[in-house]
Each structure stands twice: as structure tokens, then as C-alpha cells.
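Engineer: My structure is below; once you've seen it, I'll send some questions.
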Amino acid sequence: MSADRQAEGAQRFDRAGEALVDRLASLYGERGDFAEWLGDLCQALGTLAVARPHDLAALDRQRESRPDWFIEQRMLGYSAYVDRFGGTLAGVAGRIPHLARLGVDYLHLLPFLRARSGDSDGGFAVASFDEVEPAYGSMADLEALTAQLREAGISLCSDLVLNHVADDHAWARAAMAGDADKRAFFHVFADRARADAYEATLGEVFPQAAPGNFTHVPAMGGWVWTTFYPFQWDLNYAHPPVFAEMAQAMLRLANRGVEVFRLDSAPFLWKRPGTNCLNQPEVHVVLAALRACATLVAPGVLLKAEAIVPVEQVMPYFGEGDRRGQECQLAYHSGLMASAWAALAEGDAALPRQLLARTPATPPGTGWITYVRCHDDIVWNVLRPLVESAGGDFHQRIGRAAAFLEGRVPGSFARGAAFQAGDDDAIHGSNGMAAALVGLPDDPHVAPDPAAVRRFVLMHALALWVGAVPLLYMGDELGQGNNADPADRGRIAADGRWLQRPHLSAAAMAALEQQRGVPATTFAALRALVAARRRPGFPAREAVQVVDAGHPGLLALRRGPGALALFHFGREPVAVDLAALGLPADARGAISSGVEDTGRLRTLAPWATLWIIPEREPGDA
């Protein structure tokens with residue numbers, strides 16, 4: 001190791017070492033073996049730091065000098081399954097020109113590590129953190145892909161499934177074989193009464209497909225905690241070796257070129273009797289300690305919290321108090337996504353307006369992941385506190401919105417489907433691709449209805465305006481509809497989320513190349529949004545502020561003194577006086593979808609979007 005690398009390591013330890021020790025001591029310091037265990041962990045971190053490849057170490061240095069580099073860069077994310085996007089990791093590399101043409105510089109590949117044999121919850125039941133799913137390639141292929149992506153200016157994001165491993169992971173197999181240490185990696189109750197005591201205050205993630213939170217495993221002689229599916233065993237973070245193993249697994253992947261980690265199922269990590277075992281204080285200590293480990297070994301890496309909970313519960317994942325800004329750099333704004341879909345269904349912008357008004361600014365060097373759709377359902381419960389705090393009946397109001405998006409309301413343009421609901425009146429989640437939910441046609445060669453295109457632009461424009469890193473979902477750039485592949489019929493029947501997990505359509509890609517139909521329209525619309533967001537005047541570092549536009553269908557959002565966006569969720573045209581909103585009456589729109597200039601006023605058609613962006617950011621030369 002060179003003297004320069006040693007000096008860097010010493011500086012990083014001065015900056016993050018004390019924080020790491022403090023955080024781990026608060027979790028495990030009362031254990032008699034804490035000092036020995038901590039010493040072993042620090043030695044392992046040092047070994048990983050020495051092994052950090054030179055090109056990644058150079059990237060670390062570059063990013064350390066500007067911690068908000070990902071905000072400054074105005075990143076655009078894209079999320080996809082390996083097999084559905086490129087077939088293999090090598091096939092994903094072949095899609096880099098497509099991503100570059102769209103403007104993507106952040107690629108989230110959904111689980112690609114070796115998963116459980118058989119059902120694996122879409123790869124989220126991980127059997128090994130050190131192997132790629134054989135059908136996708138090898139670790140050598142992963143390293144080759146990350147190198148190609150870096151060359152193209154694209155950062156790879158990988159899922160790190162924190163809460164659980166598959167029941168055929170080596171730790172689980174060792175536990176079933178009688179290894180006492182590995183048994184301690186899991187929560188196992190010989191007495192069902194203890195499981196029932198926890199169950200009394202727990203929710204259910206999959207109430208229809210996998211009810212309950214515990215699974216009887218004869219080989220373990222009791223009930224194993226399984227929050228998600230019976231084959232996904234929750235890890236016991238009160239046992240220090242679990243933290244050490246997971247931190248090292250993350251950093252080994254970082255040394256292979258992964259630049260962002262989506263910390264899957266983060267809210268579930270700590271269990272406490274009498275609670276819902278979500279968002280416990282120790283969860284944030286665990287994540288802050290993981291961040292300190294990354295700072296010591298791979299400081300160019302970003303951590304992203306997958307906390308699909310109400311916005312008030314998400315804010316702590318950025319770090320609070322003496323950990324402010326020292327937990328995750330990124331977190332999903334699932335509330336914005338759900339509220340926007342509800343607004344589209346209601347024809348009223350009240351919910352996103354209220355949500356953004358009560359969303360605090362994130363700490364410096366952190367920001368929101370915003371998105372329109374993803375591989376999961378629209379989780380409606382993230383809106384419950386918002387609806388109920390305004391005196392509304394959550395079940396009735398969100399039930400109506402869900403029914404609209406699921407095509408169960410006369411006159412609905414949407415073609416979604418309910419998720420994990422036993423009857424039409426239950427509210428859990430809604431499924432469907434963005435194109436199907438906004439009413440774009442399934443046939444890629446058909447000329448799309450202009451109103452459906454405006455709805456498509458509206459939803460994506462809101463995500464791109466608000467987020468630090470807006471995330472597109474695979475196929476949305478092509479206006480691709482719900483998964484209708486006969487080969488996936490059984491999957492969809494068992495887990496409705498497969499409705500939004502189609503293969504990237506060859507027909508849609510061909511239509512895009514021919515500049516025909518829906519794909520040409522949606523791709524061009526997204527490219528225009530990306531280009532506008534990357535204008536020098538777009539104030540990426542400025543917080544979003546809600547402005548009263550005087551109309552229930554209008555959502556008006558300011559960023560900085562000169563940038564304003566209007567999003568019209570209403571179903572009737574509305575006239576807007578820009579001067580009344582503090583802008584020149586002749587201000588030109590960087591994005592104008594469904595907007596007619598009528599002199600002093602701008603007339604916004606139903607589902608119209610208008611972005612006004614100054615020529616330069618305030619303070620620029």
C-alpha cells in the first residue's frame with residue numbers, strides 16, 4: 001500500500017473511525033467480547049481498504065472533495081431487472097447505448113446476486129452475497145459491467161437485502177445443521193407463545209400470499225421470524241457478527257465496482273416487543289454505522305434507504321441529531337409517488353400539495369429518490385397519516401383513488417389491478433405499468449391519445465422536478481404496458497407485482513428506432529425533460545417550495561427565486577397569470593405540455609405541465 005493511500009486511510013479514520021466506534025458501542029458495547037469483536041471488524045475493514053482497486057480509489061478522492069456530487073450532476077436513474085432488460089450482465093452492457101441516449105447516469109439493477117433455488121421473491125431471497133445468479137453470469141462479468149458503465153459515466157446501484165437471507169443461504173443451512181453461532185444469526189422461538197406475543201403488534205407485508213410473520217421450521221426446532229415470505233429468514237442485528245458480515249458483504253461488492261447500495265427492507269432490522277418492529281431507533285444506528293464503514297473503505301459509495309413508510313418516518317434515514325446527514329445520502333419519496341397517483345385519480349392536486357408542504361428540507365449532501373413506478377406496487381398506506389391528519393377517511397378516499405387506477409370506476413382511463421386484497425373494498429396496493437395507468441395504448445405502433453401523453457408527461461415531470469435523483473423504470477421510456485407474457489401468467493397470479501415486470505419489448509424498441517407510435521412519443525418526452533433539468537439554470541441544490549396557485553387542480557412548485565413548475569391534475573382547462581406567481585408574464589417555458597400562450601395568461605389543458613427555468617442558477621457567472 002502506497003504512503004499516499006496510507007495517509008488517506010488515516011485521514012478517513014480520523015473523520016469516521018470515532019463515529020463508527022461510538023455507534024457500534026451503543027449497540028453492542030455491553031457485551032464482554034465487544035473490544036475483541038471490534039478489533040476484528042476494524043482489521044477486516046483495513047484489509048478491504050487495502051484491496052480497493054486504484055481506479056475506484058481515485059473516484060473516491062474525486063467525490064470526497066464534493067460530497068453532493070450526485071446532486072450537482074443532476075443524475076438520472078433507471079431501474080431494471082437483469083433478465084428482463086438484457087438477459088445477462090453482458091447483455092446489460094449491450095444496452096448502455098440505449099441508456100446513454102436517454103441520459104441515464106445511474107443504473108439500478110434489481111437483485112442479481114445468487115438467489116434461492118425455486119421461488120426467490122424476484123431475487124430478494126439472497127443465497128449468497130458473493131456470487132452472481134448463474135443465469136446472469138459471474139462476478140467477473142459484474143466487474144466487467146461496472147467498468148463499462150463507469151467508462152460511460154454511469155454508476156451501478158445494487159440491492160443489499162439487509163433484513164433477511166434465503167433459507168438456503170449458508171448461514172441458514174449451518175443453523176439447521178446445529179451451528180449455535182449461525183442459529184444466533186436468526187430469531188428463533190421454540191415456543192409459539194413468544195411469536196404470538198410479537199405477532200399481536202406486527203403488520204403483514206403480504207397479507208394474502210404470506211400471512212403472519214413466523215414460519216415453523218422443524219430443523220430449527222421452532223418458529224423462525226419471516227417478515228416477508230416463509231423462505232426469507234430475518235437476520236438478528238442484536239448479534240454483532242450479523243452486522244460485521246453484512247458490512248463486509250457490502251464493501252466486497254463496492255470493491256467490485258458497485259457505487260450505490262439500495263438498502264432493501266431497512267425499517268425492519270430491529271425487533272422490540274410491543275411495537276410494530278419498524279423504524280426502531282437502533283435501525284438508524286445500524287445504518288449510520290454502515291455509512292461509517294463505507295466512509296472508511298469506499299467513500300465514493302452512496303447508500304439509499306428503501307423505507308416505504310410515511311414521509312415523517314423517512315426523514316430519520318438521512319440522519320438526525322448528532323447523526324444528521326450521516327446515515328443515508330438518498331431515500332425514496334414513496335409518499336410523493338403515491339400522492340401523485342391519487343391526485344391523477346381525483347383530478348385534484350391537494351394530496352401532493354399537502355405532502356410537499358410538510359416535507360422538510362433534507363440535510364446538506366442528501367436528497368430524494370423520486371419515481372413514477374417501480375417493480376413494486378403503489379403502497380397506499382404511506383398516505384394514511386396525511387389523509388387522516390386532514391380529517392379524511394383514509395379507507396374511503398384512497399379506496400376511491402385505488403378503484404379508479406384499477407379500472408373499477410366508470411370512465412377511468414387506467415388499467416391497473418389491486419394487490420394483496422381479498423375483495424374489491426380492501427386497500428393494500430395497486431399494480432400496473434405507468435403507461436397502463438395513464439391510459440396509453442398497449443400496441444406500440446398506435447398513435448397515442450394526446451391526453452394520455454400529457455398524463456404521462458405530468459407524472460414524470462413531477463418526479464424530475466422534485467427529486468435529487470429521479471428514477472425511471474424499465475419500459476416506461478417506451479410507454480410499455482402491463483406484462484401480458486403468457487409465460488408469466490402463473491407468476492402474475494401468485495404475485496400481482498409481476499404485472500409491472502415485463503421484458504423490455506423488442507417491438508417497442510423497433511418502433512422507437514423507426515420513430516413510430518407510443519415509444520417515439522414517450523422517449524422524446526423524457527429526453528426533453530432530462531435536457532431541461534440539465535440546463536445551467538436548473539437550481540438542483542434549492543429546496544422545493546409549494547406555491548398557492550389558486551386552483552385545486554394546480555400544483556405549483558418553486559425551486560429558488562426564478563424556477564417555477566406548474567402541474568395541472570384537474571380535468572378542465574385553467575388560465576394562469578404568471579405575473580401573479582412572481583414571474584415575468586412573457587417567461588418562456590423550458591417544458592410546455594398542453595399549455596397555450598394566450599397573451600398575459602397561460603391556458604393549461606387538463607394534465608398540462610409547464611416548467612419555467614432561468615438561464616443560469618443564481619450566483620453563477
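Bear in mind these aren't lab numbers, they're just calculated from the coordinates by the rules spelled out. Please read all numbers here as calculations on a predicted model, not as lab measurements. Quick reminder, even Gly has a Cβ in these numbers, built from the backbone with ideal geometry, and neighbours come from all protein chains shown.
Engineer: Provide the gained length on full extension for the span Arg61 to Phe394, in nm with one decimal, where the gain is 0.36 nm per separating residue minus the Cα-Cα distance.
Structural biologist: Full extension from Arg61 to Phe394 adds 115.0 nm.
Engineer: Another question about this same structure. List the residues of segment 310-334 whose backbone N lies under 13 Å from a point placed 7 Å from the Cα of Asn276 along the Cα-to-Cβ direction.
Structural biologist: Under cut-off, by backbone N: 310-314.
Engineer: On a 0 to 90° scale, report how tilted helix 240-255 is relative to the longest principal axis of the chain, with both axes built from alpha carbons and the result rounded to the nearest 10.
Structural biologist: Around 60 degrees separate the two axes.
Engineer: Normalised by the number of residues in segment 316-453, what is the relative contact order in percent for Cα pairs under 8 Å and 6+ residues apart? Could you put the intermediate results ahead of the total?
Structural biologist: On the way: 189 pairs, mean separation 26.5, N = 138.
Answer for segment 316-453 is 19 percent.
Engineer: Determine the calculated [θ] at 222 nm for the chain from helices alone, applying -39500 (n - 2.57) to every DSSP H run no shorter than 4 residues and normalising by the residue count; nearest 500 deg cm²/dmol.
Structural biologist: Value at 222 nm, helices only, nearest 500: -10500 deg cm²/dmol.
Engineer: If r is the Cβ-Cβ distance from Glu320 to Ser117 and R0 is 25 Å, what FRET efficiency results, to the nearest 0.05?
Structural biologist: 0.05
Engineer: If you don't mind, there's one more thing I want to ask. Given segment 281-356 reduced to its alpha-carbon atoms as identical point scatterers, what log10 I(q)/I(0) does the Debye formula return at q = 0.17, 0.23, 0.27 Å⁻¹?
Structural biologist: -0.68, -0.96, -1.17
Engineer: Something else about it: Treat the count of other C-beta atoms within 10 Å as a stand-in for reagent exposure and order Arg272, Arg150 from fewest to most. Please list the in-between numbers first.
Structural biologist: Numbers: Arg272 13, Arg150 16.
Lowest to highest Cβ neighbour count: Arg272, Arg150.
Engineer: Additional query: Mind checking the dipole of the chain: about its Cα centre, +1 per Lys or Arg Cβ, -1 per Asp or Glu Cβ, Debye to the nearest 20?
Structural biologist: Using only the charged Cβ atoms, the result is roughly 1180 debye.
Engineer: May I ask you to compute the full-extension gain from Glu615 to Arg489, defined as 0.36 nm times their residue separation minus their alpha-carbon distance, rounded to one decimal in nm?
Structural biologist: Value of the extension gain: 40.3 nm.
Engineer: Convex hull over the alpha-carbon atoms of segment 486-595: what's its volume per residue in Å³?
Structural biologist: In segment 486-595, the Cα convex hull volume per residue is 188 Å³.
Engineer: Measure nothing but the geometry: give the 0 to 90° angle between the long axis through the Cα atoms of 394-405 and the longest principal axis through the Cα atoms of the chain, rounded to 10°.
Structural biologist: The angle comes out at about 70 degrees.
Engineer: Would you give the gap between the C-alpha center of segment 449-496 and the C-alpha center of segment 46-69, rounded to a whole Å?
Structural biologist: Computed from Cα coordinates, the inter-centre distance equals 35 Å.
Engineer: Hey, another quick one. So if each residue of separation counts as 0.36 nm, and I subtract the Cα-Cα distance between Glu36 and Asp376, what length gain in nm does that give?
Structural biologist: Residue separation times 0.36 nm, minus the Cα-Cα distance, leaves 118.2 nm.
Engineer: Something else about it: With a ≥ b ≥ c taken as the square roots of the eigenvalues of the C-alpha gyration tensor of segment 325-382, please select rounded if a/c is under 1.5 and otherwise prolate if a/b is larger than b/c or oblate if it is not?
Structural biologist: Since a/c reaches 1.5 but b/c is at least a/b, the shape of segment 325-382 is classed as oblate.
Engineer: Quick one: compute the contact order of segment 203-361, relative version, from alpha carbon pairs under 8 angstrom and 6+ residues apart, as a percent.
Structural biologist: Rounded, it is 14 percent for segment 203-361.
Engineer: Determine, from the Cβ-Cβ distance of Arg15 and Asp442 and an R0 of 41 Å, the FRET efficiency 1/(1 + (r/R0)^6), rounded to the nearest 0.05.
Structural biologist: The computed FRET efficiency comes out at 0.15.
Engineer: Can you give the angle from 0 to 90° between the axis of helix 18-28 and the longest principal axis of the chain, with both taken from C-alpha atoms, to the nearest 10?
Structural biologist: 70
Engineer: OK, next. Using a simple charge model, +1 on the beta-carbon of Lys and Arg, -1 on the beta-carbon of Asp and Glu, nothing else, what dipole does segment 184-256 show about its Cα centre, in debye to the nearest 20?
Structural biologist: Approximately 300 debye in magnitude.
Engineer: At Ala144 and Ala90, where each label point lies 7 Å from the Cα along Cα→Cβ, what is the point-to-point distance in nanometres?
Structural biologist: Spacing of the two 7 Å Cα→Cβ label points: 0.5 nm.
Engineer: Let me have the relative contact order for segment 101-254, percent, based on Cα pairs under 8 Å that are six or more residues apart.
Structural biologist: Across segment 101-254, relative contact order equals 21 percent.
Engineer: Dipole of segment 1-87, Cα-centred, from +1 at each Lys and Arg C-beta and -1 at each Asp and Glu C-beta, to the nearest 20 debye?
Structural biologist: So the magnitude is around 380 debye.
Engineer: Projecting each Cα onto the charge dipole of segment 164-234 (Lys/Arg +1, Asp/Glu -1 at the beta carbon, about the Cα centre), which of Phe186, Gln232, Ala200 comes out farthest on the positive side?
Structural biologist: Checking the options against the dipole of segment 164-234, the answer is Phe186.
Engineer: Give me the three principal axis extents of segment 26-133 from the C-alpha atoms, as integers in angstrom, largest value leading.
Structural biologist: Result, largest extent first: 54, 44, 25 Å.
Engineer: For P(r) over Cα pairs in 10 Å bins from 0, in percent, the listed values are (1) 3, 15, 21, 18, 13, 10, 8, 5, 3, 2, 1, 1, 0, 0, 0; (2) 4, 18, 27, 25, 16, 8, 3, 1, 0; (3) 3, 16, 27, 28, 17, 7, 1, 0; which was obtained by calculation from the structure presented?
Structural biologist: Read-out from the structure maps to (3).
Engineer: Right, another one. For the chain, give the share of DSSP beta bridges that are antiparallel, in percent and rounded to the nearest 5; count only bridges with both residues there.
Structural biologist: Around 60 percent of the beta bridges assigned by DSSP in the chain are antiparallel ones.
Engineer: Over the Cα atoms of segment 164-234, what Rg and Dmax result, in angstrom?
Structural biologist: Considering segment 164-234 through its Cα atoms, Rg and Dmax are 11.7, 34 Å.
Engineer: Another question, if that's okay. Antiparallel as a % of all DSSP beta bridges within segment 189-324, to the nearest 5?
Structural biologist: Details: 5 of 9 bridges.
Percentage antiparallel, nearest 5: 55.
Engineer: Let me ask another. Quick one: go through segment 366-381 and flag any residue whose amide nitrogen is under 16 Å from the point 7 Å out along the Cα-to-Cβ line of Leu102.
Structural biologist: Inside the label zone: 370-376.
Engineer: For the residues Met75, Met139, what sequence is obtained by ranking on other C-beta atoms within 10 Å, fewest first? Each step should come with its number before you reach the end.
Structural biologist: On the way: Met75 27, Met139 15.
So the ranking, lowest neighbour count to highest, is Met139, Met75.
Engineer: Projecting each Cα onto the charge dipole of the chain (Lys/Arg +1, Asp/Glu -1 at the beta carbon, about the Cα centre), which of Leu478, Ala549, Ala493 comes out farthest on the positive side?
Structural biologist: Selected residue: Ala549.
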